[in-house]
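S.K.: Sharing a structure with you now.
Every number here is computed from the coordinates shown, using simple stated rules; none is lab data. If you're wondering where the values come from, they're calculated on a predicted model, not measured in any experiment. Every residue, glycine as well, gets a Cβ built from its backbone with ideal geometry; the counts of neighbours run over all protein chains shown.
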Amino acid sequence: MGRTSDAKEKLLQVAFELIWQQSYGSVSVDDICERAKVKKGSFYYFFPSKSDLAVAAYEEHWQCNRPKYDRVFSPLVPPLERIDTYCKLLYEGQKAKQEKTGRVLGCPFASVGSELSTQDEKIRQKSQEMFDRMCKYLENTLRDAHKEGLIEKQDFSAKASAIFCLVMGMLLQAKVKNDSEVLRNLGPIVLQMIGATVPA
């Protein structure tokens, strides 16, 4: 295998990318080991199963991206700007993936979650956990927007979930159509959805 110090990281990175670009079911342990240049015996040294690797890979991906989300949703950033930036990042991220792979890949957590939610409880729970984390960012943003008089008082938790459902639906549509442009106007749609008003 590669150096012990980097073999685990290679497995995590390769597993995430392969599963996201293809599907959990179509990617084997052999595929992951071959791409990562890690021996199969070493794979099982780090992870009891492909399922355990997938859960760890998705958590690793989240932790790597968490600083970016913390910046986007920082309380120091105006609430509506947070939403607009978040939506732009989604569009730009999917567009970049399409240019690199030829395909819009959609949300990695939704993809594996919808594929395995009835088959693998660990992966279902991890996907739900990712959704809950994003909804909390959105909920806090809505609360701040209300404090600043930019939106009316509402059930902020429910509205955050509704926004996230809209985002997931549009990501799915973009993936099925293989067209990242579906997401270009996501920001204005979300702002309209929450009844945002921009001060003069």
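S.K.: On alpha carbon coordinates alone, what is the Rg over Rh value for the range 120-174, Rh being the Kirkwood radius?
M.R.: Rounded to two decimals, Rg/Rh equals 1.08.
S.K.: Tell me, Kirkwood radius of the range 1-60 from alpha-carbon pair distances, in Å?
M.R.: Across the range 1-60, the inverse of the average 1/r is 11.0 Å.
S.K.: Please work out the Kirkwood hydrodynamic radius for the range 73-195, using every pair of different C-alpha atoms, and report it in angstroms with one decimal place.
M.R.: On the way: mean 1/r = 0.0660 Å⁻¹.
Mean inverse Cα-Cα distance, inverted, gives 15.2 Å.
S.K.: Follow-up question, since we're still on this one. Working from Cα positions, state the angle (0 to 90°, nearest 10) between the long axis of helix 121-147 and the longest principal axis of the chain.
M.R.: So the inclination is approximately 20 degrees.
S.K.: In debye, nearest 20: dipole of the chain around its Cα centre with unit charges on the Cβ of K, R (+) and D, E (-)?
M.R.: Using Cβ point charges on Lys, Arg, Asp and Glu, the chain gives about 340 debye.
S.K.: Round to the nearest 10 and give me the degree value, 0 to 90, for the angle of helix 4-21's Cα axis relative to the longest principal axis of the chain.
M.R.: Approximately 60 degrees, to the nearest ten.
S.K.: Pull out the extension gain between K68 and E129, defined as 0.36 nm times the separation in residues minus the alpha carbon to alpha carbon distance; nm, one decimal.
M.R.: 20.2 nm
S.K.: Which value, in debye to the nearest 20, gives the size of the charge dipole of the range 87-200 about its Cα centre, when Lys and Arg are +1 and Asp and Glu are -1 at the Cβ?
M.R.: My answer is approximately 220 debye.
S.K.: Something else: Counting helices only, and only those DSSP H runs with n ≥ 4, report the 222 nm mean residue ellipticity of the chain as the sum of -39,500 (n - 2.57) divided by its residues, in deg cm²/dmol to the nearest 500.
M.R.: Counting only the DSSP helices, I get -24000 deg cm²/dmol.
S.K.: Can you list, bin by bin at 5 Å, the percent of alpha carbon pairs in the range 38-133, starting at 0?
M.R.: P(r) over the range 38-133, rounded to whole percents: 2, 11, 16, 18, 19, 17, 10, 4, 2, 1, 0.
S.K.: Right, next: Using only the alpha-carbon atoms, how far is helix 79-101 inclined from the longest principal axis of the chain? Give it as 0 to 90 degrees, nearest 10.
M.R.: In the chain, helix 79-101 runs at an angle near 40 degrees to the longest axis.
S.K.: Any idea which of G25, L171, F156 is furthest toward the positive side of the dipole for the chain, if Lys and Arg beta-carbons carry +1 and Asp and Glu beta-carbons -1?
M.R.: Positive-end residue among those listed: G25.
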